[in-house]
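The values are calculated or read from the model by the stated rules, or taken from the named source; none is laboratory data. Fair warning: this is a prediction, and the values are worked out from it, not measured in the lab. Counting neighbours? That spans all protein chains shown, and the Cβs are built from the backbone with ideal geometry, glycine included. The protein model used for the area step is the full one, side chains on, heavy atoms only, and it has no ligands, DNA or RNA in it. Shrake-Rupley method; radii C 1.70, N 1.55, O 1.52, S 1.80 Å.
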Amino acid sequence: MNGPPAQLPIGDYGVIGDLHTAALIGRNGSLDWWCAPRFDSPSLFGALLDAERGGRWRLAPRGARTSEKRYLPASNVLVTTFHV
């Protein structure tokens, strides 16, 4: 990989959380923002603010061309679908 991935538009993120903390997950499968164990804790992943030094964790298939995200009805379950 040659440098950090391009920054996603904010609309390409979904939020997941547990009433104590929340994380922003990009449609590319990248966890780019997460403060734990509470909302006011320092960030563990902060690529949303600094793509080079902020840190991220990504889970995605190789060769994925497009993706989409949605929430399951009446839930906070975020589903990301990759298309190759």
Exercise. Once the piece of chain linking Asp50 and Val15 is laid out straight, how much longer is it, given 0.36 nm per residue of separation minus the C-alpha distance between them?
Worked result: 10.7 nm
Exercise. Under 5 Å between amide H atoms, partner at least 5 residues away or on a different chain: which partners does Ala22 have, H built in plane at 1.01 Å?
Worked result: Cys35
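At 0.36 nm per residue, and after removing the present C-alpha to C-alpha distance, how many nm does the segment from Ala22 to Thr66 gain when stretched out fully? Before the final figure, lay out each step's value.
Working: separation 44, 0.36 × 44 = 15.84 nm, distance 2.50 nm.
Computed gain between Ala22 and Thr66 is 13.3 nm.
Within 10 Å, count the other beta carbons around each residue, average over each peptide in 71-83, 21-33, and list them highest first. Spell out each step's value before the answer.
Values: 71-83: 11.2, 21-33: 20.4.
Highest mean packing first, the order is 21-33, 71-83.
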Exercise. Can you work out ³J(HN,Hα) from phi for every residue in the stretch 41-56, in order, using Karplus 6.51 cos²θ - 1.76 cosθ + 1.60 and θ = phi - 60°, giving whole Hz and x for Gly and Pro?
Worked result: 7, x, 6, 8, 10, x, 4, 4, 9, 9, 4, 8, 10, x, x, 7
Exercise. How large, in percent, is the carbon and sulfur part of the accessible surface of the chain at a probe radius of 1.4 Å?
Worked result: 58 percent
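Suppose all protein chains stay in the model; what accessible area per residue would a 1.4 Å probe give for the chain, in Å²?
Averaged over the residues of the chain, the accessible area is 71 Å².
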Exercise. Rounded, prolate or oblate: which one fits the chain, using the alpha carbon gyration tensor with axes a ≥ b ≥ c (rounded when a/c is under 1.5, else prolate when a/b beats b/c, else oblate)?
Worked result: oblate
